[in-house]
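Encoded as structure tokens, the structure appears first; notes follow it.
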Amino acid sequence: MTDALQFLLSGIVVGSIYGLIGVGFTCIYNVTGIVNFAQGDFAMVGAMSAITLLAFGVPLPLAVLLAVIATCLVAAVIERTAIRPVRSDVVRGIIVTIGIGVILHGVAALVWGTDAQPMPAFSGDAPLRIGGATIAPQALWVIGTALAAMIALELLFRKTFLGQMFRACAINPFAAGLVGIRVGTMSLISFIVSGALGAIAGIVVAPIALTQYDSGLQLGIKGFVACIVGGFGGPIGAALGGILLGILEAFAAGYVSSGYKNAIAFVLLLAFLLFRPGGLFGDMEKVRG
């Protein structure tokens, strides 16, 4: 029973990481229709920037703020220089994001090297005991951040005028432009928000998992699977899809073999694409239909 509780808690923590990355996917998708496969690399840029600033003695809150701003600037430059010229062609846009991810890997390797780098935990390393299982205090930061991001983005899309403009661009960009919505500006904002979410995700995860130049690749893949499982386009679906994926991985690693951990993600991806492409919550149809 204790083992099951430990696997459940570990799965929720890891799943929250996947959910945080998945939530970042929804911002850009809901405006441009493009699946940004460089989303995981936004997390890497944010985490490595924060680690660098901390090494120079910058206080943690200021380092986090500056790292998020730096990642937002990177996201804005990418949108202006690489995405905007091909925005009308979704397939080309998706391919461009894959290329951007490769470029970011190369730049990160040149700037920060290829060694994995640690980041100190926000509130100590003493483990917390919950019913016989243990959990790191940083895990609470991960779960809380994922929950806050999910709720904030859901409220943004459903309850605010900016969110309504996002949704109008997602449903019909041409009609949105006719009523005065600047689709290009909405696309730029979506990349900035997505960059901020990615950076925050990378920073809160960094104390749990070492960060290096290519760590965004794995995060991006798992975040994408989380979106497919939960339903592409909805932040709640992406977050819950990530948690489900994390729990399944944890139980598979604990009761079967850790060698099957990554296979779970690809089995889920294939299963949902074949039998339920709208995901568990089907938000893709709700937002874009």
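Remarks
- Inter-part distance where region 125-174 and region 1-76 are each reduced to a Cα centre, Å: 11
- Using the 1.4 Å probe convention, the accessible area of region 171-245 works out to 33 Å² per residue with neighbouring protein chains retained.
- Phi angles across region 112-129 convert, under the Karplus curve 6.51 cos²θ - 1.76 cosθ + 1.60 with θ = phi - 60°, into 3J(HN,Hα) values of 10, x, 9, 7, 5, 10, x, 9, x, 5, 5, 9, x, 10, 5, x, 9, 9 Hz, Gly and Pro given as x.
- Counted over all Cα-Cα pairs of region 119-182, pairs farther apart than 14 Å make up 70 percent.
- Cα-based shape type of region 173-237, given that a ≥ b ≥ c are square roots of the gyration tensor eigenvalues and the cut on a/c is 1.5: prolate
- Ranked by the mean number of other Cβ atoms within 10 Å of their residues, highest first, the peptides 139-150, 199-210, 42-53, 90-101 come out as 42-53, 199-210, 139-150, 90-101.
- Residue by residue, region 200-207 carries 3J(HN,Hα) couplings of 4, 4, x, 5, 6, 7, 3, x Hz when phi is fed to the Karplus relation 6.51 cos²θ - 1.76 cosθ + 1.60 (θ = phi - 60°); x denotes Gly or Pro.
- Accessible area of region 1-110 divided out per residue, in Å², using a probe of 1.4 angstrom: 39
- The helix-only estimate of mean residue ellipticity at 222 nm for the chain, built from DSSP H runs of length n ≥ 4 each weighted as -39500 (n - 2.57), is -24500 deg cm²/dmol after division by the residue total.
- Semi-axes of the equivalent ellipsoid for the chain, Cα gyration tensor, largest first, Å: 30, 23, 17
- Among I221, I243, I151: highest mean-square fluctuation, GNM of the chain, C-alpha pairs under 10 Å: I151
- The charge dipole of the chain, taken about its Cα centre with unit charges on the Cβ of Lys, Arg, Asp and Glu (plus for the first two, minus for the last two), comes to roughly 740 debye.
- Amide H contacts of F281 (H built 1.01 Å from N, under 5 Å, at least 5 apart or other chain): G231
- In sequence order, calculated HN-Hα J values of region 143-153 (Karplus, 6.51, -1.76, 1.60; Hz; x Gly/Pro): 5, x, 5, 4, 5, 5, 5, 4, 5, 4, 6
- Surface composition of the chain: carbon and sulfur make up 72 percent of the accessible area, probe 1.4 Å.
- Per-pair calculated FRET efficiency, R0 = 25 Å: I151 and L128 via Cβ, rounded to 0.05: 0.60
- Rounded if a/c under 1.5, otherwise prolate or oblate - region 1-97, Cα gyration tensor axes: oblate
- Prolate/oblate/rounded call for region 113-253, Cα gyration tensor, a/c under 1.5 rounded: prolate
- Residue (of C72, V111, I21) at the positive-pole extreme of region 1-149, dipole from beta-carbon charges: C72
The values are calculated or read from the model by the stated rules, or taken from the named source; none is laboratory data. These numbers were taken from a predicted model, which means no experiment stands behind them. Here the Cβ is made from the backbone with ideal geometry for all residues, glycine too, and neighbour counts use every protein chain on show. Please note that ligands, DNA and RNA were not included when accessible areas were found on the heavy atoms of the full protein model with its side chains. Shrake-Rupley method; radii C 1.70, N 1.55, O 1.52, S 1.80 Å.
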